[in-house]
Each structure stands twice: as C-alpha cells, then as structure tokens.
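Heads up, the thing below is written out as structure tokens.
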Amino acid sequence: QVQLVESGGGLVQAGGSLRLSCAAPGIIFTFHPMAWYRQAPGKQRELVAGISTGGSTNYLDSVKGRFTISRDNGKNTVYLPMNSLKPEDTAVYYCRAGPVTYESGRRSDYWGQGTQVTVSS
C-alpha cells in the first residue's frame, strides 16, 4: 500500500512562509509527475503546482512568483516552499504522485492525506 507522507503545514500570518514536503516511498518516483493541489472550504480542489518527470513546472496563476515546486529524486520527495502567503491561500494541501500508466496497463495514481495551511490576516 503506497502512502504519500505530507508535512510542513501550519498556521502563519499573512506575508509569512511555509515549506511543504511530500515523501513518496514505495513508488518508482522518477516515473511519476508530482503535484500539489489544494481545497478550501466550499470550493473545488485545484491544482497549485506541478512538476514533470523531466523537471518542467506549471503553476496556478495566483501563486506564480510566490510558490516554487521542486523534486529530489534521490529522496523520493517533492517540495513546495510558499512565500508571501495570503489569507486566500488557506486550504488543505494535497500531494499527488501520478498519474502514470505502465505498459502493462496498470495505472499508478496516489494522493496524500492532506496538510492544513492556515494564513491569518
């Protein structure tokens, strides 16, 4: 059973910083694109940042210039340093590994349990 382990959430004042981490043991990490999503109360889950197996990145417009996604293939870990946080960044943040479809047809797509980020004004 694959479990993604997220850490780094918490409570911070507006303008502050947090760094999320997501460890992904038990998967072929280099095969998986990685991403961070978030879901605020009453809203749909949205993609915050993604990083491909080759290191290409993409971001939600509202976090560009403030958040930076990176991956360490040697540690099976993806990171999301978040700077200049705003109250509207408050949400549960989820890590995702995948999706990947192997030649066998098996699909690999895993989510973490989520970590709460709360930004006070």
Query - Pairwise label distance in nanometres, Gln44 with Ser120, each label 7 Å out on the Cα-Cβ vector - result: 3.3 nm
Report summary line: Longest the chain segment clear of trypsin sites (Lys or Arg not before Pro) sitting in DSSP loops (not H, G, I, E or B) with at most 16 other Cβ atoms within 10 Å runs 1-42
Report task. Give me the net charge of Pro99's neighbourhood, meaning all other residues with Cβ under 10 Å from the Cβ of Pro99; Lys, Arg count +1, Asp, Glu -1. Result -> +1
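At a Förster distance of 30 Å, what's the computed FRET efficiency of Asn58 paired with Tyr102, Cβ-Cβ distance as r, to 0.05? Don't skip to the end; give the middle numbers.
Details: r = 24 Å, r/R0 = 0.79.
Here the calculated transfer efficiency is 0.80.
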Requested in this report: Can you send over the carbon and sulfur percentage of the accessible area for the range 1-66, probe radius 1.4 Å, protein chains only?
Outcome: 50 percent
Report task. Write down the accessible area per residue of the range 44-121 in Å², having rolled a 1.4 Å probe over the full set of protein chains. Result -> 53 Å²
Query raised in the report: Just how far, in whole angstrom, is the range 3-20 from the range 68-121 if you go by their alpha carbon centroids?
Result: 11 Å
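Largest first, how would Ser52, Ser104 line up by accessible area (1.4 Å probe)?
Numbers: Ser52 40, Ser104 100 Å².
The residues order as Ser104, Ser52, largest area first.
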**Report entry** Convex hull per residue volume in Å³, alpha carbons only, for the chain
**Finding:** 103 Å³
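Grab the other residues whose beta carbon is less than 12 angstrom from that of Leu4, score K and R as +1, D and E as -1, and report the net.
Numbers: positive: Arg96; negative: Glu6, Asp109.
For residues surrounding Leu4, the net value is -1.
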Requested in this report: Please identify every one of the chymotrypsin sites (Phe, Trp or Tyr not before Pro) in the range 30-121 that sits in a loop by DSSP and has no more than 15 other beta carbons within 10 Å of its own beta carbon.
Outcome: Tyr102
Query - Solvent-free Debye scattering, log10 I(q)/I(0), computed from the Cα coordinates of the range 8-54 at q = 0.29 Å⁻¹ - result: -1.16
Query raised in the report: What percent does the relative contact order of the chain come to when contacts are Cα pairs within less than 8 Å and at least six residues apart?
Result: 34 percent
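Taking the Cβ-Cβ separation of Asn83 and Ile28 as r and a Förster radius of 30 Å, what is the calculated FRET efficiency to the nearest 0.05? Please report the intermediate quantities before stating the final value.
Numbers: r = 31 Å, r/R0 = 1.04.
Once rounded, the FRET efficiency stands at 0.45.
The values are calculated or read from the model by the stated rules, or taken from the named source; none is laboratory data. Fair warning: this is a prediction, and the values are worked out from it, not measured in the lab. FYI the Cβ positions are ideal-geometry reconstructions off the backbone, even for glycines, and counts take in every protein chain you see. Ligands, DNA and RNA are excluded from the accessible area calculation, which covers all protein heavy atoms including side chains. Shrake-Rupley method; radii C 1.70, N 1.55, O 1.52, S 1.80 Å.
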